[in-house]
Amino acid sequence: MARPRALDYELKRKAILHRAAELIAQHGYAGTSITMIAQACGISKALLYHYYPDKSAVLYDLLLDHLTQLVAAVEAASRTPQDRVYAIADALLETYRDADAEHQVQIMALKLLPLAQQDVLRGLERQLVALLSGAIAEAVPVIGHGPLLKPVTMSAFGMLNWHYLWFREGRGLTRAQYARLVTDLIVSGAVVAAAHVPPAS
């Protein structure tokens, strides 16, 4: 008979993933061991193996969990077309709160997983891109789904995804204010840029 899961199983699982992300962000994937993760969580290796069979499973689950949360937050950010870009930027920055390590691991370690797992995770990344690009196309009809849409979308992600390198909570702009700044730069900048791009033939 299978051993029943403890009532706090999910809380402990998420705690393991967060501590693992912090370690991998600091030491790299190769420099982080199952022993280090167990010690950081204050549990035995045997108990950690109750949750995950190996380090690769930890990496995959932490990235799956992180990206699934991002997609859910962005899908919930539904407002008028004019406000949807801001709503998505704000939702992403809020979801990134306390998830800097997970985000760093996504950038540097996703490619270390087996291809089938990479495909699942990259599918979630593509969902995020599609949601934001759709919002930008609605908010800035002058670029619509033309050649500027992809570079404008990826520029927006660049501003949002790399904010952890300089953003400090409680200093300067709030997350909501930075989301508004990114939105204004993207929407206004796209309008200006459209004037300099010849129409598609």
Rounded percent of accessible protein surface that carbon and sulfur make up, the chain, 1.4 Å probe: 60 percent
Cα convex hull volume per residue for the chain (Å³): 158 Å³
Helical mean residue ellipticity (222 nm; -39500 (n - 2.57) per DSSP H run of 4+; nearest 500) of the chain: -23000 deg cm²/dmol
Cα pair distances of the stretch 10-58 binned at 5 Å [whole percent]: 5, 24, 39, 24, 7, 1
Probe 1.4 Å - accessible area at Thr68, Å² to nearest ten: 70 Å²
Stretch in the chain that is longest and holds no trypsin sites (Lys or Arg not before Pro) that DSSP places in a loop and that have at most 15 other beta carbons within 10 Å: 6-78
Dipole of the stretch 1-147, positive direction: furthest Cα of Ala109, Val85, Pro141, with charges on the beta-carbon: Ala109
Semi-axes of the equivalent ellipsoid for the stretch 75-122, Cα gyration tensor, largest first, Å: 27, 14, 7
Projected-area mean, the stretch 160-201, by convex hull of Cα positions, square nanometres: 4.0 nm²
Cα Rg over Rh - the stretch 70-181, Kirkwood: 0.98
Prolate/oblate/rounded label for the stretch 93-147 (Cα gyration tensor, a/c 1.5): oblate
Exposed-loop-free span, longest in the chain, where chymotrypsin sites (Phe, Trp or Tyr not before Pro) count as exposed if DSSP calls them loop and at most 13 other C-beta atoms lie within 10 Å: 1-161
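The values are calculated or read from the model by the stated rules, or taken from the named source; none is laboratory data. What you see is a predicted model; the values in this text were computed from it and never measured. Ideal geometry is used to build each Cβ from the backbone, glycine not excepted, and the neighbour counts take in all protein chains shown. Just the protein is used for accessible areas: all its heavy atoms, side chains included, with ligands, DNA and RNA removed. Shrake-Rupley method; radii C 1.70, N 1.55, O 1.52, S 1.80 Å.
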